[in-house]
Every structure is written in structure tokens, then in C-alpha cells.
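What follows draws every value from the coordinates through simple rules; no lab data is involved. What you are looking at is a predicted structure, and each value in this text was computed from that prediction instead of being measured. FYI the Cβ positions are ideal-geometry reconstructions off the backbone, even for glycines, and counts take in every protein chain you see.
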Amino acid sequence: MISTADFRNGLIVIQDNDLMEIVEFQHVKPGKGGAFVRTRFKNILTGRVLERTFRSGEKMEDVRLEDETYQYLYNDGDLFHFMHKDTFEQIAVSASVVGDNKNWIKENMDVTLTFYDNRVILVKVPLHVILQITKSDPGIQGDRSSGGTKPATLETGVTIQVPLFLNEGEKVRVDTRTGQYIERAN
């Protein structure tokens with residue numbers, strides 16, 4: 001059991017028989033009455049967001065999760081296949097669990113799978129990935145020193161905005177949380 005004093009962003013708890021991640025919380029001490037905690041949850045499985053208020057010190061059930069490092073192998077439509085790095089055991093995860101992270105994973109990349117009751121509930125990718133540009137229009141000669149951007153398609157199929165001086169075949173570092181270009185990579 002955990003108390004409202006233990007709340008932190010990213011903590012996963014059981015609320016209304018569902019796995020919920022704390023997205024945001026705020027401790028409030030009004031001038032009159034007892035303190036309380038305003039909380040915003042996101043359902044891990046459905047993605048639905050709900051808000052709830054708790055009295056200060058109220059307890060709820062904690063969740064025991066296991067994180068394992070797996071290597072991404074391939075995708076065959078609705079299933080993404082991963083292999084455990086030590087045991088070579090392979091596991092298939094549905095595209096709905098992978099979610100938007102499919103934009104950032106490529107073959108042989110290490111990812112973290114989060115298990116609850118022996119099933120995968122989350123796929124976590126590194127904060128920054130290096131991907132190759134597969135399609136991009138050439139930059140205009142006079143615009144190379146300005147801060148302009150152009151769309152570029154990466155090897156995973158996602159399109160992001162990159163500076164004009166980058167061309168096809170070059171590698172870029174991308175922030176997986178925001179999907180933004182960070183820098184040119186070697």
C-alpha cells in the first residue's frame with residue numbers, strides 16, 4: 001500500500017481495478033478543512049485520462065512491475081516480435097501496446113518491456129535514437145545558413161522536421177518523447 005505522500009509522476013497504481021499511471025498531482029492545503037491531493041491518471045491499457053481527488057494520507061494499492069531488456073526483431077503487421085537478450089526467448093507484443101513507440105524502434109534495437117502478471121503492458125524506448133534519413137528534398141542553396149526546416153522521412157517510416165542542410169543517407173538523433181530533431185549523428 002502507498003500513501004498520497006508517496007505520489008510522483010510516472011508511478012503506476014491500481015485504481016478502480018485498472019492499472020493507472022499518475023500523470024500529474026498537486027497537494028492542496030486550503031485555509032479551511034483538511035489537505036487533499038488532486039490527481040490526474042492515465043489508464044495504461046486504454047489511454048483514458050481521469051481526474052480524482054484524495055484526502056491527504058489516503059492509501060491505495062501499489063503495483064509490482066518487472067522491467068526486462070529485449071531486442072526488437074521484426075514486425076509482421078499487428079505483432080511486434082522481441083527477443084530476451086540472455087535467454088533468447090521470443091515474445092510477440094500487439095501494436096496497441098507498442099503504440100507510438102513504433103516510430104522509433106528499428107531492428108536489433110534494445111528496448112525495455114514492462115510486465116504485469118506475466119504480460120507486457122508497456123514498451124519503453126531510449127530517450128534518444130539515431131535514425132537514417134531515407135527520403136528528403138534537397139535544401140535550397142541560399143538557405144543553408146538560415147534556421148529553416150524541411151520534412152524528412154526516417155528509416156522507420158516516420159516524418160519529422162530537420163534543418164535544410166541535411167540530406168538523404170545522413171543520420172540524425174531524435175528525441176523520442178517529442179519527435180523532434182536534436183542533432184546530426186555520425
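Just subtract the alpha-carbon distance of residue 43 and residue 135 from 0.36 nm times their residue separation and send over the number in nm, one decimal. Mind showing how you got there, number by number?
Values: separation 92, 0.36 × 92 = 33.12 nm, distance 3.62 nm.
Full extension of this stretch gives 29.5 nm more.
Based on alpha-carbon atoms, the Kirkwood radius and the radius of gyration of the stretch 1-120 give Rg/Rh equal to 1.09.
Hand me the GluC sites (Glu not before Pro) from the stretch 3-72 located in a DSSP loop with no more than 14 other Cβ atoms within 10 Å, in residue order please. Write down the numbers at each step before the final one.
Values: sites: 21, 24, 51, 58, 61, 66, 68; in loops: 58.
For GluC sites (Glu not before Pro) across the stretch 3-72 that sit outside H, G, I, E and B with at most 14 neighbouring Cβ atoms in 10 Å, the list reads 58.
Roughly speaking, what % of Cα-Cα pairs in the stretch 66-124 are separated by over 13 Å, rounded to a whole number?
Working: 955 of 1711 pairs.
I get 56 percent for the Cα pairs in the stretch 66-124 exceeding 13 Å.
Farthest toward the positive end of the dipole of the stretch 8-90, out of 75, 49, 34, is the Cα of 34, where the dipole comes from beta carbon charges about the Cα centre. Note on the chain: Lys pairs 8 or more places apart or on different chains, Cα atoms under 14 Å apart, count 5. Label sites at residue 51 and residue 78, each approximated as a point 7 angstrom past Cα along Cα to Cβ, lie 3.6 nm apart. The stretch between residue 59 and residue 153, if pulled fully straight at 0.36 nm per residue, gains 29.1 nm over its current Cα-Cα span. Here the Kirkwood formula puts the hydrodynamic radius of the stretch 2-62 at 11.8 Å, using every distinct Cα pair. Rounded to the nearest 500, the 222 nm mean residue ellipticity of the chain from helices alone is -500 deg cm²/dmol, with -39,500 (n - 2.57) taken per DSSP H run of at least 4 residues.
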